[in-house]
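**Student:** A single structure is presented below for examination.
The values are calculated or read from the model by the stated rules, or taken from the named source; none is laboratory data. Only a predicted model underlies this, so the values are computations on that prediction, with no experimental measurement involved. Neighbour counts run over all protein chains shown; Cβ positions are idealised from the backbone, glycine included.
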Amino acid sequence: MGLSGISPLSLLLILLIIVALFGTQKIKTLGSDLGTAIKNFRRALHEDEDKKS
């Protein structure tokens, strides 16, 4: 068993379904956008902490 009772085979099947629905290019774009959003969020948190000091 893997994460919370989900087998690795089930995770692979879910991943294949997602790739079939969205395509690899769309998933790549979503991943890139998510990474940029997280980076900007962290930067904003650090800027806010610097202003408080």
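**Student:** Is it true that some residue in the range 14-37 is surrounded by 10 or more Cβ atoms within 10 Å (Cβ to Cβ), of a type outside the set (Lys, Arg), part of a loop (DSSP other than H, G, I, E, B) and under 19 Å from the mean Cα position of the chain (by Cα)?
**Tutor:** yes
**Student:** Sticking with this one: With the structure loaded, tell me whether Ser53 is of a type in the set (S, T, N, Q) and either modelled with pLDDT of 90 or more or in contact with an Asp or Glu (Cβ under 6 Å, 6 or more places away or on another chain) (or both) or whether it fails that test.
**Tutor:** Details: of a type in the set (S, T, N, Q): yes; either modelled with pLDDT of 90 or more or in contact with an Asp or Glu (Cβ under 6 Å, 6 or more places away or on another chain) (or both): no.
Taking the combined requirement at face value, the residue does not satisfy it.
**Student:** If you take the residues of the range 1-13 that are part of a helix (DSSP H, G or I) and surrounded by fewer than 10 Cβ atoms within 10 Å (Cβ to Cβ), which of them is modelled with the highest pLDDT?
**Tutor:** Here the residue is Leu9.
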